[in-house]
Amino acid sequence: MAIAPTRLTYDDLQKMPDDGRRYELIGGEIVVSPSPGLAHQELVLRLTLLLHGFVDPGKLGRVILAPFDVRLSEGDVVQPDILFVSAARLEILRENHTLGAPDLVVEVASPSARSRDDGEKLALYAAAGVREYWLADPAAKEFRALSLDADRYRLIGQVGFTARSAVLSGLEIDRASLFSDLP
């Protein structure tokens, strides 16, 4: 008789130490990420300022930085670098997590998480219904905006060095300036 492996839950995740690492649950298994580097943090700052500067004046919703849990299911709890929840869906926000999928999620790649962001998390966000997913890679100086189409993501709104958001109509990301002078 085979014994099923123990799947951890959000309650188990809450018991993890506050040691500066990012703890996430994917498929009921703990995933630990080390603290990010300078280029990663600079890119997170630039994208946050861009998003907040677009969202706040029009009261379009909330932009939230990590660490902040996104509770997609009991066994899937992640901490994207940045997330956006539209004004129409603010009821999913709790004090220290979202209860369900944000409208937009941003992951900035780091060496330890690059394949997970582009693989497991991409599939997880699509299955949960995250409408738009941004992937930024400071090392490769790449930025992709992906929009959920049925159950999979497709590349959206890229013309030359500009990417356009589908969730935040009118928001444009100048990919060249996003990566200029990045440490």
For the chain, list log₁₀ I(q)/I(0) at each q in 0.12, 0.17 Å⁻¹, using the Debye formula over Cα point scatterers of equal strength and ignoring solvent, two decimals each.
-> -0.55, -1.12
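Can you work out the accessible area per residue across region 1-68, with the rest of the protein chains kept in place, probe 1.4 Å, in square angstrom?
Accessible surface, normalised per residue, equals 65 Å².
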Note to self, the chain gives a 222 nm [θ] from helices alone (DSSP H runs n ≥ 4, -39500 (n - 2.57) apiece, / all residues, nearest 500) of -6000 deg cm²/dmol
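With the other protein chains left in place, how much accessible area per residue, in square angstrom, belongs to region 134-183 at a 1.4 angstrom probe?
For region 134-183, the per-residue accessible area is 55 Å².
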Report the calculated FRET efficiency for Arg164 and Glu91 (r = Cβ-Cβ distance, R0 = 35 Å), to the nearest 0.05.
-> 0.80
Once both axes come from the Cα atoms, what is the angle between helix 38-55 and the longest principal axis of the chain, in degrees from 0 to 90, rounded to 10?
-> 70
Which residue, Pro80, Pro57, Pro111, tops the fluctuation ranking in a GNM of the chain built on C-alpha contacts under 10 Å?
-> Pro57
Mind listing the long-range amide H neighbours of Trp134? Cut-off is under 5 Å, sequence gap 5 or more, other chains count too, H placed in the peptide plane at 1.01 Å from N.
-> Val105, Val106, Glu107, Leu146
Could you check which residue among Asp117, Asp19, Asp151 shows the biggest mean-square fluctuation in a GNM of the chain with a 10 Å Cα cutoff?
-> Asp19
Among Val32, Val105, Val44, determine the one that fluctuates most according to a GNM of the chain built with springs between C-alpha atoms less than 10 Å apart.
-> Val32
In square nanometres and to one decimal, what's the mean projected area of the convex hull around the Cα atoms of region 84-183?
-> 7.4
Counting Lys +1, Arg +1, Asp -1, Glu -1, what net charge surrounds Ser35 among other residues with beta carbon under 9 Å of its beta carbon?
-> +2
Just tell me which aspartates and glutamates come within less than 16 Å, Cα to Cα, of Lys15; anything on the same chain fewer than 8 places away is out.
-> Glu24, Glu29, Asp69, Glu74, Asp76
Three-way shape call for region 39-90 based on the alpha-carbon gyration tensor, with the a/c threshold at 1.5 = oblate
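The values are calculated or read from the model by the stated rules, or taken from the named source; none is laboratory data. Fair warning: this is a prediction, and the values are worked out from it, not measured in the lab. Every residue, glycine as well, gets a Cβ built from its backbone with ideal geometry; the counts of neighbours run over all protein chains shown. Ligands, DNA and RNA are excluded from the accessible area calculation, which covers all protein heavy atoms including side chains. Shrake-Rupley method; radii C 1.70, N 1.55, O 1.52, S 1.80 Å.
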